[in-house]
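Presented below is the structure to which this report refers.
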Amino acid sequence: QRLKLVEEFTKTRYMMLREEKDVDQDVTDEKEDDDRIKRHLNELQKEIEKEKIDSLKKKLEFEAQLQSIDEEIQVYQSKLIELTQKEDNLLKEMAVFDVEIKQLTTDRSPVQEITAVRKKKHEKREEMGANDAIKSLIHQKQAEKVAEKAAINENFNEISRKLYQLDKKMDMYNKLNQDRNEINAKSVINNTKDTEMIFETLINLNRALQDSSIDNISKKEVTFRGYGDLISQSNSQLGKLTNDMQIIRQKLTNSSVFEPLFALIEDNLTLKRQINDYLDGLMIQTDST
């Protein structure tokens, strides 16, 4: 989404600049450009606000589901504790019957007495079996709820990450909206061709950033040599992109107009490195097990 944001905004500005008939436009033309930028940013902000409201509703739904599942798991846990206590009591009673049967046998008591005690022990054994069956069923239901909770937790974390990204996008749009009067190529470069070149460079940087993903690299590989090699290639491309961006920044005498776009690209560079580090660590952990 952030990469799409960079390309979407740069293309919009690029097309606006190409529509300029003359570098020395009058005040009226400048105001029209400014109004167009403002309208475009406001539309994007409204879209993000709507998406954010929808995401917040989903997050609240997930929170309610998690709370309900936690309560169910707790009920199952309490029932298991109760059944375990009952099991302990049954074992103790059966042990008492064993001692009684042994004593009756030693004392050569009537067979009827020994049989009666054995019958009582058998009844306790059957009760123990029923207790075990109930425990097994509750364990199964509890495990299902734990798995359901894990799935909802994943959705909850995903929507939380999405809300974080939406907040960052909204902050960036607010910044661009506040500084829209400054986002005018004439305040940085007085030559339309130079301006177009910078916007094209930013778009190319953004595309190169997309190409540096492991997924895109793997599609170009003729022979699969392992995820470790893909991660290495991705990190190498990310390092080159970082250097290229620093060089472009140094060439601009005043890059404040383009700084929000540079910041978005830089933020995505950092995120991609973090994803690569996470995958690398996951592979090491998997190998060790």
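The values are calculated or read from the model by the stated rules, or taken from the named source; none is laboratory data. As the structure is a prediction and not an experimental result, all values here were calculated from the model. All Cβ positions, even for glycine, are placed from backbone atoms using ideal geometry, and neighbour counts span all protein chains on display. These area figures cover heavy atoms from the full protein model, side chains too; ligands, DNA and RNA do not enter into them. Shrake-Rupley method; radii C 1.70, N 1.55, O 1.52, S 1.80 Å.
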Inset, instruction - Report the residue count in segment 249-265 for those that are surrounded by fewer than 16 Cβ atoms within 10 Å (Cβ to Cβ) and at pLDDT 75 or above. - result: 1
Inset, instruction - Considering every residue within segment 123-145, establish whether at least one is more than 30 Å from LYS52 (Cβ to Cβ), touching a Leu at 6+ places or on another chain (Cβ under 8 Å) and without any contact (Cβ under 8 Å) to a residue 40 or more places away in the chain. - result: yes
Legend entry - Scope segment 258-280; condition assigned to a helix (DSSP H, G or I), among the aromatic types (Phe, Trp, Tyr) and touching a residue at least 12 places away in the same chain (Cβ under 8 Å); matching residues: PHE262
Legend entry - Where a residue in segment 46-74 is over 27 Å from LYS168 (Cα atoms) and of a type in the set (D, E, K, R) and its partner, wherever it lies, is open to solvent by less than 100 Å² (accessible area, probe 1.4 Å) and at pLDDT 85 or above, with Cβ under 8 Å and at least six apart: ASP70/LYS149; GLU72/LYS145
Inset, instruction - Please find, among LYS121, LYS86, the residue that is open to solvent by 80 Å² or more (accessible area, probe 1.4 Å) and assigned to a helix (DSSP H, G or I). - result: LYS86
